[in-house]
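*Asks:* Handing you this structure, nothing more for now.
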Amino acid sequence: MKLWGYTYTRYHYVRHPIMFLEETFRLLRYAWQRVFRGWDDRVLWAIDSHLNQYMPIWLREFAKVTKSIPILDEPGSPMGHMVAMDEDENIGDEEERWQEYLKIMAEGFECARLLEENELPIYNEAHAILEKEDNDFLSSVDRFSEIVDELGGQERVKSERHDLQVHFDNGFRYFKKYYFDLWS
């Protein structure tokens, strides 16, 4: 059984106590960095992964708590102007559009995460079928390829990757356009 945050099992650390101390020190260093910097060195290993993981969460939470919306699509406004969302004002359509844009941005980053992790629907379907079958590991690898081919093969993989890329590009286009409006 693995210890929380540790790489190896307890048995491994009993046999290699120095590794346990090194890993404990590393995890404590990361915790200290998160407390005093707000992030730890692991973020630098893959900044895109970090953003793909957290940006959808942050954007959805921002959509819940924001008290203002930009004046959307105002010509000649590079940064947009913010308007407070008061109950008396009639800005319902703008508010709905802003919420939709935030949703599109969040979904774009989720699509980037799926692309990065190669988590395509065809592969999920193939895994589900494979789990129902009783195969050993080596035959599972070959069977997985066969199932993917039966479900549409490389054409479907290519199509799904393209669709995810299009969704990411669309979300990132809105993110870029309204980047300076992401404050409450």
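*Asks:* How large are Rg and Dmax for segment 1-42 when calculated on the C-alpha trace, in angstrom?
*Replies:* For segment 1-42, the Cα radius of gyration and maximum Cα-Cα distance read 11.7, 34 Å.
*Asks:* For the pairs K103/K177; K67/K103; K132/K158, flag any whose C-alpha to C-alpha distance is greater than 19 Å.
*Replies:* K132/K158
*Asks:* Starting from the amide H of S68, placed 1.01 Å from N in the peptide plane, find each other amide H under 5 Å away whose residue is 5 or more places distant or on another chain.
*Replies:* Distant-sequence amide H within range of S68: M85.
*Asks:* Moving on to the next point. Let's test the formula: R0 of 30 Å, r as the Cβ-Cβ distance of R37 and F180. What FRET efficiency results, to the nearest 0.05?
*Replies:* Once the sixth-power term is evaluated, E becomes 0.80.
*Asks:* A further question on this structure: Apply the Karplus parameterisation 6.51 cos²θ - 1.76 cosθ + 1.60, with θ equal to phi minus 60°, to every residue of segment 154-160 and state each ³J(HN,Hα) to the nearest whole Hz, in sequence, with x for glycine and proline.
*Replies:* In residue order, the calculated couplings are 5, 5, 5, 4, 4, 5, 5 Hz.
*Asks:* Oh, and also: Which residues' amide hydrogens lie under 5 Å from the amide hydrogen of G152, considering only partners 5 or more residues apart or on another chain, with H built in the peptide plane?
*Replies:* none
*Asks:* Given R₀ = 35 Å, what would the calculated FRET efficiency be for R97 paired with N118, taking r from the Cβ atoms and rounding to 0.05?
*Replies:* 0.60
*Asks:* Let me ask another. Neighbouring Cβ atoms within 10 Å as the yardstick, rank V148, V14 fewest first.
*Replies:* V14, V148
*Asks:* Got a sec? How would W32, W58 order by Cβ neighbour count within 10 Å, fewest to most?
*Replies:* Listed from fewest to most nearby Cβ atoms, that is W32, W58.
Bear in mind these aren't lab numbers, they're just calculated from the coordinates by the rules spelled out. These numbers come from a predicted model, not from an experiment. No Cβ is skipped: glycine too gets one built from the backbone with ideal geometry, and neighbour counts run over all protein chains shown.
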